[in-house]
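Every number here is computed from the coordinates shown, using simple stated rules; none is lab data. For clarity, every value in this text was computed on a predicted model and none was experimentally measured. Don't worry about glycine lacking a Cβ; one is built from the backbone with ideal geometry, like all the others, and counts go over all protein chains shown.
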Amino acid sequence: MLTGSNFTSIAFPKAAEATYANGINKWNSVVGYYIDLIGIGHAHGFQRFSNGSFITLNYPGAQQTFATGINDSGAIVGYYYSSSPARGFIHFKGQWATLNYPNGLFTILNGISDAGVIIGRSNTNKHAIAF
């Protein structure tokens, strides 16, 4: 994380292979994901607060979770994998909800604005879709 001319390294404490930061809000709360094992590890979402503490974000029942965006209210979006293709999620105040593009083969949510507008991508049988 770059603030002015100062870099802050973000490394999830349980990450074995890598930590990826994907989104930040005005409170310097960062979301992303980490890989738990080298080689064949699984991805787990995380939120890093401005005080440097972390929480893990695992969509209930999912094999892998990727947090990709956060707004100033703390709403987090991303996607997860279980036994099906990627599905989008929203996480807010400890509650999870799935959000899938209508008739899409998969849904990946990339960001959320302070007004709650969400962007992402999907694919139908005919076209790649950005929304």
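Taking the Cβ of each residue in Y33, Y81 as the centre, tally the other Cβ atoms inside 10 Å and list the residues starting with the fewest.
Sorted ascending by nearby Cβ count, the order is Y81, Y33.
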message: Just want the answer: with Cβ charges of +1 for Lys and Arg and -1 for Asp and Glu, which residue in Y34, F66, P13 is farthest toward the dipole's positive end in region 9-130?
response: F66
- line: Filtered hits (lysines, Cα-Cα < 19 Å from K93, offset >= 8 within chain) -> K26
task: Please report F54, F66 as a ranked list, fewest other C-beta atoms within 10 angstrom at the top and most at the bottom.
output: F54, F66
message: Mean-square fluctuation check for the chain, GNM, Cα pairs under 10 Å: which of L57, L99, L109 is largest?
response: L99
message: Which residue fluctuates most in the GNM of the chain (Cα springs below 10 Å): G52, G69, G39?
response: G39
- prompt: Tell me, W27, W96 in order of fewest to most beta-carbon neighbours within 10 Å?
  reply: W27, W96
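Based on the alpha-carbon set only, what is the convex hull volume of region 34-131 divided per residue, in Å³?
About 111 Å³ per residue, rounded to a whole number.
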Cα Rg, Dmax (largest Cα-Cα span) when computed across region 65-107, Å: 10.6, 32
